[in-house]
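The values are calculated or read from the model by the stated rules, or taken from the named source; none is laboratory data. Remember, predicted model here, so these are calculated numbers, not experimental data. Here the Cβ positions follow ideal geometry from the backbone for every residue, glycine too, while neighbour counts run over all protein chains shown.
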Amino acid sequence: MPGSLADALALLKSEPGVWKPFAGGTDLMVLLEAGRLAHRNYVNIWGLDELRGIDVSSTHVTLGALTTYTDVQAHSILQDEFPMLCQAASETGGLAIQNRGTLGGNIVNASPAADSPPALLVYDAEIELISTGGSRWIPYNGFHTGYKTMLIAPDELLARIRLPRNTRGASHYYRKVGTRKAQAISKVCFAGLARIDQGHIEDVRIAVGSVAPVIVRCVETENTLRGHACDAETTQAACASLSREISPIDDIRSTAGYRLQVAQNLLTDFLSTLET
Amino acid sequence: MKYMVFLPSITGKLKTSTGFFMQIHFTVNGEERSVEVFPMARLLDVLREQLHLTGTKEGCGEGECGACTVVIDGRIVNSCLVPAAQANGAEITTIEGVAVNGELHAVQQAFIDHGGAQCGICTPGMILAAVDLLKRIPQPNESEIRNGLAGNLCRCTGYMKIFESVVRAYQK
């Protein structure tokens, strides 16, 4: 239990890979209890106030990694400008989980079925990784390199998440499809943002979860849509692009075929909500 | 005995100021308590087995069912997912702390009067979640009640009696 952020970073540096940061515990305690955690040593970062708080500047909203889902939902600027993040937070587990689960934890736990990353990807989030050597900001898109692998060094800690305030006037569409409305882990999770200009899609960003080893920012699909009207032909072409960008599998929660169909249905539904 | 499961995962070079075990101090139902614990022991087990507060139940043990709900520093949590080390310094309320001076909370009385409890395993968590809901939203509508209790599973009542009990509690 480090007394400060500096102590925690020094500990991570002193024995790289030995210590696993432990925040709200909503994912790690389940694995620990099941005997499925490789680590033996945990550094408790839950009490580090340096990793809390939501700061708003004229250009960005910056969230501490320990921001809980409850904190996210309660923030008025996030509600106004980043509603999909608030919706994702409200659909992650029940209230008891939302009071304890953190945005940073949702990122570094690296589940392809996590609820907040599709929204974060669509909002062009950047993340700050810190160590005793300093701090670096990187785009969140590309951070996850494969199933549960990511671009973070053993002595680094995810400290903050930054969202550019460029969503005004955009349409936001977030939908999580699971077995049950509350508590269920998603079968498919879709986040989309778009701006329409003179009947054409000017800006569009799409990310889909639970359909690949990582949550996918669907750049090819976005390119297919940009500059076009939302007609049947465009929708069909976009669905074809989407099916090439995702690689769903059969698992305990769903099947590859169902996920592919639902992902395309959600894309079609998203496009149908845009007024062109 | 449950926390013995953790032994393999926390042996080795665990560096805490007091070594393998640690002393935690917290307030439980208004009373200051001090307990020697494994840092990664579940708060649920500490409450039940060391403090003998067995009103808090274990259902799934993985944060799905809400049977182990307690209140930490004013917010409901799943005590099966909270390591004891993180409860140090906290103010905790369990189901044993909901009635005051032997007088049941309106939610507890409503659960009795309107059939909100059957087998009883989900009931402590359900009541704590309902009390938390009414604290935040004094007169919740049906959707707010469903959302407030979404993290608590019941396999007896079919929920309708529980929702009715919550409504009756705030109508009192």
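Can you pull out every residue in segment B:25-57 that is acidic (Asp, Glu) and within 12 Å of the chain's Cα centre (by Cα)?
Within segment B:25-57, B:Asp45 is the sole residue that qualifies.
Name the single residue, out of those in segment A:123-167 being surrounded by 17 or more Cβ atoms within 10 Å (Cβ to Cβ) and of a type in the set (S, T, N, Q), that is farthest from the chain's Cα centre (by Cα).
Applying the filter and picking the extreme gives A:Ser131.
Kindly list the number of the only condition in (1) part of a helix (DSSP H, G or I); (2) touching a Pro at 6+ places or on another chain (Cβ under 9 Å) that fails for B:Pro124.
Answer for B:Pro124: the failing condition is (2).
It is to be established whether one or more residues within segment A:164-176 are β-branched (Val, Ile, Thr) and either assigned to a strand (DSSP E or B) or at positive phi (or both).
no
Among the residues of segment B:26-46, write down those that are touching a residue at least 12 places away in the same chain (Cβ under 8 Å), more than 10 Å from chain A (Cβ to nearest Cβ) and part of a strand (DSSP E or B).
Once the filter is applied, which keeps residues that are touching a residue at least 12 places away in the same chain (Cβ under 8 Å), more than 10 Å from chain A (Cβ to nearest Cβ) and part of a strand (DSSP E or B), segment B:26-46 yields B:Phe26, B:Thr27, B:Val28, B:Arg33, B:Val35, B:Glu36, B:Val37.
Could you count how many residues in segment A:29-60 are under 19 Å from B:Val77 (Cβ atoms), in contact with a strand residue (DSSP E or B) (Cβ under 6 Å, 6 or more places away or on another chain) and more than 8 Å from chain B (Cβ to nearest Cβ)?
3
Out of all the residues in segment A:1-17, which are within 13 Å of another protein chain (Cβ to nearest Cβ) and over 24 Å from A:Asn106 (Cβ atoms)?
Within segment A:1-17, A:Gly3, A:Asp7, A:Ala10, A:Ser14, A:Glu15 qualify.
Yes/no matrix, rows are residues, columns are (1) surrounded by 13 or more Cβ atoms within 10 Å (Cβ to Cβ); (2) modelled with pLDDT of 95 or more; (3) within 14 Å of chain A (Cβ to nearest Cβ):
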position	(1), (2), (3)
B:Leu7	no, no, yes
B:Ile10	yes, no, yes
B:Arg48	yes, yes, no
B:Thr56	yes, yes, yes
B:Val71	yes, yes, yes
B:Val77	yes, yes, yes
B:Pro83	yes, yes, yes
B:Leu104	yes, yes, no
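Residues that are of a type outside the set (A, V, I, L, M, F, W, C) and in contact (Cβ under 8 Å) with a residue 60 or more places away in the chain: list the helices (runs of 4 or more DSSP H) wholly contained in segment A:23-135 that include at least 1 such residues.
A:76-81, A:83-90, A:103-108, A:116-122
Among the listed residues B:Ala117, B:Ala67, B:Ala90, which satisfies the condition of being within 22 Å of A:Ala34 (Cα to Cα) and surrounded by 18 or more Cβ atoms within 10 Å (Cβ to Cβ)?
B:Ala67
Restricted to segment B:146-169, and to residues that are within 12 Å of chain A (Cβ to nearest Cβ) and among the aliphatic types (A, V, I, L, M), which residue is surrounded by the fewest Cβ atoms within 10 Å (Cβ to Cβ)?
Filtering first and then ranking leaves B:Ala150.
What residue, among those in segment B:58-69 that are in a loop (DSSP other than H, G, I, E, B), touching a residue at least 60 places away in the same chain (Cβ under 8 Å) and under 8 Å from the mean Cα position of the chain (by Cα), is farthest from the other protein chains (Cβ to nearest Cβ)?
The selected residue is B:Ala67.
If only one of B:Thr157, B:Thr94 is touching a Pro at 6+ places or on another chain (Cβ under 9 Å), hydroxyl-bearing (Ser, Thr, Tyr) and touching a residue at least 24 places away in the same chain (Cβ under 8 Å), which one is it?
Answer to the check: B:Thr94.
Yes or no: segment B:132-143 includes at least one residue that is within 12 Å of chain A (Cβ to nearest Cβ), of a type in the set (Val, Ile, Thr), free of Cβ contacts under 8 Å to residues at least 40 places away in the same chain and within 16 Å of B:Ile76 (Cβ to Cβ).
Yes, there is a match, as at least one residue in segment B:132-143 is within 12 Å of chain A (Cβ to nearest Cβ), of a type in the set (Val, Ile, Thr), free of Cβ contacts under 8 Å to residues at least 40 places away in the same chain and within 16 Å of B:Ile76 (Cβ to Cβ).
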